[in-house]
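Here the structure is laid out as structure tokens; the discussion comes afterwards.
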Amino acid sequence: MSFASFLVQTVSRSSSDSGLTLLPAPSHAISRTLVYAGFVLPYSGATAPGFHGVLSLQTARLGRLQELFRAQETFLPNIKKDLTHILRKIDYIICMLYIYQFPDWTRFRFDHARVLDALGKARFCEGRLAGMLSFIGARDLETGLVTEDIVANFAIDGITLDADSVRTDVVLRAQGSSAHIQNYIGAIENFTAPLSQERLLNWHSALAGNRKATWRDNKSEVSADNGTLHFSGPGPERLNSEMEYFLRWFENTPMDGTIKAAVAHFWFLTLRPFDTANGRLARAITALQLSRAQNSARIHYSLNQQILKNRDEYFRTLNKAQCGNGDLTEWILWFLKQIEAAVQTSESAIEFQTRRFRFLAQHSGVQTTEREQVLLNASLMGELPKDFTAKDVAAIFGTSHDTALREIQSLIDKGLVRASKKGGRSRTYSVVE
């Protein structure tokens, strides 16, 4: 039976003005089929007189449900096409399961072929970047990346931090004044330490000022994308057992480290064990797991900054999986794509530094003056055009055209700079790489 047919049969006109009558819930097999199709599971009630408060609507499905109603408008001639208006007029709403409402909800699955292909690309990019960084060092770059990651972690949740203050605390590390920054850095640098309940509660306390060392004791609901996305976490009565299972899985289950980071990120944000700061904690857990995956406390890229660039897509992809059937393929692919993009951003940031180090290694035996080094660095670091003129060099030193030409000619004689074939004042020069 198609979903449209089932919906029409389930939602039938009643004799009352307000509306519709619910038929009994379908068999388990049909229920699973409907949910696996990404649609709805009817409420387990026989009749809802007058449609009074029986079910709840998942706003993320409004558009798809509206299409179904329009497709069946011949069966429902008196129902307006504006489904949102209909649902405000009547108290009837269609119930859907969130992923955690399945008994076996943590038996996540994904398309191995697609995920492994994307994982291979991300790993290749990570390895290339790690090689570049080991070649040039770039400790200052790492400080900047950690700062970006922390600032972006808060910005994703709509909280603005002062980047200069964060950078100061990042440099100070354990001597810094902000506990939440110390904990985030600690998650990365102490990645071998177990993620225990106590550690997680301490992180939350630093982030949210929570004095109560326990999970939330109320509902957890979140909306995004101007209210079109909605998610409600499991009830507080489930959190002790759910979090115990999550932490046990996190520490003991063998899995590719990067994929595990994606799954852990999704899992934690589905449980939403705290009343605040769940997103920031999920991303701290992700940073910890990615450090484990790389077996290194070095930060080579800012994943949070990349997520911030695609914040709306981040929420939509998460929400789709949270309202799904346990297939995390699209979420994992999106996560890996963000890693690859973040790596490419770091590569662009160190492109000039890499170019400079390669040049210096290639010409390590050549002696240069201080002014010549300034000229070479200006070219290699992008302060001068790749093909520069004597006028460009004169502007760097604040000297005459003839003085600039003498500096350039000295470097040509040493084999470090070459001149173009074009003569006169329009002649250009470039470093020999």
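The values are calculated or read from the model by the stated rules, or taken from the named source; none is laboratory data. Treat the numbers as computed from the prediction; the structure is a model and nothing was measured. With ideal geometry, Cβ positions are generated from the backbone for all residues, glycine too; neighbour counts draw on all protein chains shown.
Answer yes if at least one residue in segment 288-310 is polar (S, T, N, Q), modelled with pLDDT of 95 or more and under 18 Å from Thr106 (Cβ atoms), and no otherwise.
Looking through segment 288-310, at least one residue is polar (S, T, N, Q), modelled with pLDDT of 95 or more and under 18 Å from Thr106 (Cβ atoms).
Considering only residues of segment 253-280 that are part of a helix (DSSP H, G or I) and basic (Lys, Arg), which is nearest to Gly326 (Cα to Cα)?
Per the stated criteria, the residue is Lys260.
Under the condition of being farther than 16 Å from Leu129 by Cβ and within 14 Å of the chain's Cα centre (by Cα), which residue from segment 290-308 is surrounded by the fewest Cβ atoms within 10 Å (Cβ to Cβ)?
If we take residues in segment 290-308 being farther than 16 Å from Leu129 by Cβ and within 14 Å of the chain's Cα centre (by Cα), then Leu308 is surrounded by the fewest Cβ atoms within 10 Å (Cβ to Cβ).
It is to be established whether one or more residues within segment 180-189 are in contact with a strand residue (DSSP E or B) (Cβ under 9 Å, 6 or more places away or on another chain) and modelled with pLDDT under 95.
So far as segment 180-189 goes, no, none of its residues is in contact with a strand residue (DSSP E or B) (Cβ under 9 Å, 6 or more places away or on another chain) and modelled with pLDDT under 95.
Within segment 316-339, identify whether any single residue is surrounded by 19 or more Cβ atoms within 10 Å (Cβ to Cβ), in contact with a helix residue (DSSP H, G or I) (Cβ under 7 Å, 6 or more places away or on another chain), farther than 30 Å from Asp117 by Cα and among the aromatic types (Phe, Trp, Tyr), and answer yes or no.
No, the conditions are met nowhere in segment 316-339.
In this structure, is Thr147 assigned to a helix (DSSP H, G or I) and of a type in the set (Ser, Thr, Tyr)?
Spelling it out, Thr147 is indeed assigned to a helix (DSSP H, G or I) and of a type in the set (Ser, Thr, Tyr).
Out of segment 163-181, which residues are surrounded by fewer than 19 Cβ atoms within 10 Å (Cβ to Cβ) and either assigned to a helix (DSSP H, G or I) or among the aromatic types (Phe, Trp, Tyr) (or both)?
Selection gives Ala163, Asp164, Ser165, Arg167, Thr168, Val171, Leu172, Arg173, Ala174, Gln175, Ala179.
Between residues in segment 291-306 that are in contact (Cβ under 8 Å) with a residue 60 or more places away in the chain and residues that are of a type in the set (Gly, Ala, Ser) and outside any helix (DSSP H, G or I), which pairs lie under 6 Å by C-beta distance while being six or more apart or on different chains?
Partner pairs satisfying both residue conditions: Ser291/Ala297.
(1) touching a Ser or Thr at 6+ places or on another chain (Cβ under 9 Å); (2) crowded, with 22+ Cβ neighbours inside 10 Å; (3) at negative phi: which one isn't true of Arg272, the others all being true?
(3)
Picking from Pro234, Pro194, which residue would you name as being touching a helix residue (DSSP H, G or I) at 6+ places or on another chain (Cβ under 6 Å), surrounded by fewer than 16 Cβ atoms within 10 Å (Cβ to Cβ), in contact (Cβ under 8 Å) with a residue 40 or more places away in the chain and over 20 Å from Lys337 (Cβ atoms)?
Only one candidate qualifies: Pro194.
What number goes with the only condition from (1) over 30 Å from Ala361 (Cα atoms); (2) among the hydrophobic types (A, V, I, L, M, F, W, C); (3) modelled with pLDDT under 95; (4) part of a helix (DSSP H, G or I) that Ala118 does not pass?
(3)
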